[in-house]
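In what follows, a structure is listed as structure tokens, so that the remarks can point back to it.
The values are calculated or read from the model by the stated rules, or taken from the named source; none is laboratory data. What you see is a predicted model; the values in this text were computed from it and never measured. Glycine also receives a Cβ, built like all others from the backbone with ideal geometry; neighbour counts cover every protein chain displayed.
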Amino acid sequence: MLEYFVIGKIVNTQGIKGEIRVIPTTDDINRFKKLKEIYIFRRGNLDLYEIEGVRFHKQFVLLKLKGIDSINEAELLKNTEIKIPKELAIPCEKDEYYISDLYGMKVLADEEEIGIIEDIIFTGANDVYVVKSKDSEILIPAIKQCILDVNVKEKIMKVHLLEGLR
């Protein structure tokens, strides 16, 4: 089965000619200019759209999609996710990994399992991993002092919990 990455979320329309306003969830927003087509996940379906135009405004990516020519058509795409096949993803550098690879990862502190990553909070300064166990939730900042090792293949993250995190 083909695996997909979320690279943005459609949050609104832009103008009256069918443009959509996207909050990117990728580190390199210029990657949108390199794409010819995207998939939009809506109501359980993945629909393919050809990109006609890309521009940037503030923190948004503005996309014009072929076949979406009015504000009414664009309105139907609000609150959906933009996905691409994993093989089109930008390769990771050393000590980098995709956010999607972190979800469900087992987290160990001093070789003791403290839970799994259930969510990630994007704060601007640094991400924060929400680690849940059966009876608790720990917020771990994604900083070098806390994150010791990430093994994507084994789905294990080793961490050092700073004082006050437990």
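Here are the numbers for the structure shown:
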| quantity | calculated |
| --- | --- |
| Long-range neighbours under 7 Å by Cβ, at least six apart or interchain, first residue assigned by TED's automatic domain parsing to the domain that holds residue 83 within segment 20-41, second assigned to a loop (DSSP other than H, G, I, E, B) and surrounded by 13 or more Cβ atoms within 10 Å (Cβ to Cβ) | 20/77; 28/90; 31/90; 40/77 |
| Restricting segment 53-85 to residues that are within 14 Å of residue 38 (Cβ to Cβ) and under 16 Å from the mean Cα position of the chain (by Cα), the residue that is surrounded by the fewest Cβ atoms within 10 Å (Cβ to Cβ) | 85 |
| Residue in segment 43-52 that is assigned to a strand (DSSP E or B), within 17 Å of the chain's Cα centre (by Cα) and over 18 Å from residue 88 (Cβ atoms) present | no |
| Close pairs from segment 143-156: first closer than 15 Å to residue 110 by Cβ and at pLDDT 90 or above, partner surrounded by 14 or more Cβ atoms within 10 Å (Cβ to Cβ) and among the acidic types (Asp, Glu), Cβ under 8 Å, at least 6 apart | none |
| Sole residue being over 19 Å from residue 97 (Cβ atoms) and either in a strand (DSSP E or B) or in contact with a helix residue (DSSP H, G or I) (Cβ under 9 Å, 6 or more places away or on another chain) (or both), chosen from 108, 139, 161 | 139 |
